[in-house]
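K.L.:
Once you've had a glance at the structure underneath, I'll fire off some questions.
The values are calculated or read from the model by the stated rules, or taken from the named source; none is laboratory data. Here the structure is a predicted model, which means the values were calculated and not measured. Please note: Cβ atoms are built from the backbone with ideal geometry, for glycine as well, and neighbour counts cover all protein chains shown. Note: accessible area is taken over every heavy atom of the protein model, side chains too, but ligands, DNA and RNA are not part of it. Shrake-Rupley method; radii C 1.70, N 1.55, O 1.52, S 1.80 Å.
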Amino acid sequence: MIWLLLAGMFLVTYLPRLAPFLFAREIRLPAWVQKWLKFFPYAALGALIFPGILTAVPGRPGLAAGAGVIAAICSLFIRNITVIVVLAIAVVLLLQNLGIP
Amino acid sequence: MKRSERIRWGLSNGLPIALGYLPVAVTFGILARQSGLSVAAVTGMSAWVYAGASQFLAVKMIASGVTFSEIVLATFILNFRHFLMSTALARKLEVSKPSAAVLSYGVTDETFVVASIHANPEGLTALGFFTMALMAYLAWLSGSFAGGVFADYIPVAIVNGMGIGLYALFIALLVPSARKTWQFAIVAVISALVAWALSKLLPNLSEGWTLVAATLGVSALGIVLPGVEDRS
């Protein structure tokens, strides 16, 4: 029975991902819509980061936010995203064990 | 661009996503096992559904005995945001329909933002995107499997702490672009505030719709903001 659920979930997650690829390129979009699309990733990033980051480490909003600020400052100097990801994880794991709220 | 360069782009951009996914996938595997799913079902869900937030929600709903049709509907609602992301990506990726059937499976919040912002100077390539998405997918799959199999042995506190990884990825993508182009910075900050306000004012709104509303609504500001030079 669980497989029936998975099949249903597969359909409703895959089709919305696929559909635009089948028709989106054939449609000519006016310049203002293209400008709008260009801002999608930045608006999405803002909403993905906040307020979600406050619950990134269960029960430790301050710790997670602090690690986020450190990641942001380091991003000014380090362009390699992998380094930032590893750094943020290291910061949280270190501070977690020092009992920082 | 040479084939090897496209693959290298995919590998170097797929790595941070894979690192971010692993701990979240392991957490999913553990929770799903604890809700009574078999290891096969846990891995199968990650393989077929491949949508983090929806999978966590589904497992929670299964545990509380909600009907399957309700779970499928909730999944659709939460994941509809990928329709927007695919729409934006499809315009940058020139691919045949069979390739699109494969590539679109790899569209997630993370692959979308990385592909949009970190594209090569020469633009986004299908092979680059495929390589990146495959790394992300394999990390999600293997992490869920490992979490399911070793649910009783994994130190949850450590895995939880690693959940910061994906947020660090988002931040590392946003900061350099926001610094270079103030219009992007304004849109991202307002979008975050709108998402936060929506989560406070309408706590029953699913996080999927919060993201859709903030993305669609606030990115429209870009239409009226002055002068972003065309580099896409």
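K.L.:
Filtering segment B:72-84 down to residues that are open to solvent by less than 10 Å² (accessible area, probe 1.4 Å) and touching a Lys or Arg at 6+ places or on another chain (Cβ under 9 Å), which residue is nearest to A:ARG17 (Cα to Cα)?
P.N.:
B:HIS82
K.L.:
Name the single residue that is least open to solvent (accessible area, probe 1.4 Å) among those in segment B:194-216 being without any contact (Cβ under 8 Å) to a residue 24 or more places away in the chain and of a type outside the set (A, V, I, L, M). First the steps, then the outcome.
P.N.:
Applying the first criterion (without any contact (Cβ under 8 Å) to a residue 24 or more places away in the chain) to segment B:194-216 yields B:195-205, B:210, B:213-214.
Going one step further and asking which of them are of a type outside the set (A, V, I, L, M), we end up with B:196, B:199-200, B:203-204, B:210.
Values: B:TRP196: 106, B:SER199: 50, B:LYS200: 135, B:PRO203: 97, B:ASN204: 154, B:THR210: 16 Å².
Among them, the one singled out is B:THR210.
K.L.:
For residues that are among the small types (Gly, Ala, Ser) and open to solvent by 10 Å² or more (accessible area, probe 1.4 Å), scanning just segment B:140-171, find the one that is nearest to the other protein chains (Cβ to nearest Cβ).
P.N.:
Applying the first criterion (among the small types (Gly, Ala, Ser)) to segment B:140-171 yields B:142-144, B:146-148, B:151, B:157, B:161, B:163, B:165, B:168.
Now narrow it down to the ones that are open to solvent by 10 Å² or more (accessible area, probe 1.4 Å): B:142, B:146, B:151, B:157, B:163.
On the way: B:SER142: 17, B:ALA146: 17, B:ALA151: 17, B:ALA157: 7, B:GLY163: 5 Å.
Selected residue: B:GLY163.
K.L.:
Which residues, taken from segment B:21-41, are aromatic (Phe, Trp, Tyr) and open to solvent by 10 Å² or more (accessible area, probe 1.4 Å)? Explain how you work it out, then say what you get.
P.N.:
Keep residues of segment B:21-41 that are aromatic (Phe, Trp, Tyr), which gives B:21, B:28.
B:TYR21, the sole residue that qualifies.
K.L.:
Yes or no: segment A:38-52 includes at least one residue that is at the interface with chain B (Cβ under 7 Å from one of its Cβ atoms) and either exposed (fewer than 14 other Cβ atoms within 10 Å of the Cβ) or not in a helix (DSSP H, G or I) (or both).
P.N.:
So far as segment A:38-52 goes, yes, one or more of its residues are at the interface with chain B (Cβ under 7 Å from one of its Cβ atoms) and either exposed (fewer than 14 other Cβ atoms within 10 Å of the Cβ) or not in a helix (DSSP H, G or I) (or both).
K.L.:
For segment B:172-188, which residues satisfy the criterion of being among the aliphatic types (A, V, I, L, M) and crowded, with 18+ Cβ neighbours inside 10 Å? Before the answer, list the steps.
P.N.:
Looking only at segment B:172-188, we keep the residues that are among the aliphatic types (A, V, I, L, M), and these are B:172-175, B:178, B:185-188.
Selection gives B:ALA172, B:LEU173, B:LEU174, B:VAL175, B:ALA178, B:ILE186, B:VAL187, B:ALA188.
K.L.:
Something else about it: Checking the condition more than 9 Å from every other protein chain (Cβ to nearest Cβ), farther than 19 Å from B:GLY143 by Cα, without any contact (Cβ under 8 Å) to a residue 40 or more places away in the chain and hydrophobic (A, V, I, L, M, F, W, C), which residue from B:VAL66, B:VAL72, B:VAL95, B:VAL59 passes?
P.N.:
Values: B:VAL72 fails: more than 9 Å from every other protein chain (Cβ to nearest Cβ); B:VAL95 fails: more than 9 Å from every other protein chain (Cβ to nearest Cβ); B:VAL59 fails: farther than 19 Å from B:GLY143 by Cα.
Answer to the selection: B:VAL66.
K.L.:
From the list B:VAL26, B:VAL72, B:VAL42, which one is part of a helix (DSSP H, G or I) and under 23 Å from A:VAL83 (Cβ atoms)? Let's see the steps before the verdict.
P.N.:
Numbers: B:VAL72 fails: under 23 Å from A:VAL83 (Cβ atoms); B:VAL42 fails: under 23 Å from A:VAL83 (Cβ atoms).
So the residue among B:VAL26, B:VAL72, B:VAL42 that is part of a helix (DSSP H, G or I) and under 23 Å from A:VAL83 (Cβ atoms) is B:VAL26.
K.L.:
Please indicate, with yes or no, whether at least one residue in segment A:3-25 is within 24 Å of B:ILE186 (Cβ to Cβ), facing another protein chain (nearest Cβ under 7 Å) and assigned to a helix (DSSP H, G or I).
P.N.:
Applying the first criterion (within 24 Å of B:ILE186 (Cβ to Cβ)) to segment A:3-25 yields none.
Checked against the condition, which is being within 24 Å of B:ILE186 (Cβ to Cβ), facing another protein chain (nearest Cβ under 7 Å) and assigned to a helix (DSSP H, G or I), segment A:3-25 yields no hits at all.
K.L.:
A further question on this structure: Which of (1) open to solvent by 60 Å² or more (accessible area, probe 1.4 Å); (2) more than 7 Å from chain B (Cβ to nearest Cβ) does A:VAL33 not meet, given it meets every other one?
P.N.:
Result: A:VAL33 fails condition (1) only.
K.L.:
Which is within 25 Å of B:PHE129 (Cα to Cα) and open to solvent by less than 30 Å² (accessible area, probe 1.4 Å), of A:ALA56, A:ALA24? Write out each step before concluding.
P.N.:
Values: A:ALA56 fails: within 25 Å of B:PHE129 (Cα to Cα).
Result: A:ALA24 is the single residue among A:ALA56, A:ALA24 that is within 25 Å of B:PHE129 (Cα to Cα) and open to solvent by less than 30 Å² (accessible area, probe 1.4 Å).
K.L.:
A further question follows. Among (1) open to solvent by 10 Å² or more (accessible area, probe 1.4 Å); (2) facing chain A (nearest Cβ under 7 Å); (3) closer than 23 Å to B:GLY227 by Cβ; (4) not aliphatic (A, V, I, L, M), where does B:SER191 come up short?
P.N.:
Failing condition for B:SER191: (1).
K.L.:
Quick check on my filter: what residues within segment B:166-206 are of a type in the set (D, E, K, R) and either farther than 18 Å from A:GLY68 by Cβ or in contact with a strand residue (DSSP E or B) (Cβ under 7 Å, 6 or more places away or on another chain) (or both)? Step through it out loud before you land on a result.
P.N.:
Going through segment B:166-206, the residues of a type in the set (D, E, K, R) turn out to be B:179-180, B:200.
Result: B:LYS180, B:LYS200.
K.L.:
If you don't mind, there's one more thing I want to ask. Return only the number of the condition from (1) open to solvent by less than 60 Å² (accessible area, probe 1.4 Å); (2) farther than 24 Å from A:VAL57 by Cα that B:SER69 does not satisfy.
P.N.:
(1) is the only condition that B:SER69 fails.
K.L.:
Given (1) modelled with pLDDT under 95; (2) surrounded by 23 or more Cβ atoms within 10 Å (Cβ to Cβ); (3) closer than 17 Å to B:TRP209 by Cα, identify the lone condition not met by B:LEU89.
P.N.:
Among (1) modelled with pLDDT under 95; (2) surrounded by 23 or more Cβ atoms within 10 Å (Cβ to Cβ); (3) closer than 17 Å to B:TRP209 by Cα, B:LEU89 violates only (3).
K.L.:
Sticking with this structure for a sec: Could you tell me whether B:ALA178 is in a helix (DSSP H, G or I) and either among the aromatic types (Phe, Trp, Tyr) or more than 9 Å from chain A (Cβ to nearest Cβ) (or both)?
P.N.:
Numbers: in a helix (DSSP H, G or I): yes; either among the aromatic types (Phe, Trp, Tyr) or more than 9 Å from chain A (Cβ to nearest Cβ) (or both): no.
The answer is no for B:ALA178.
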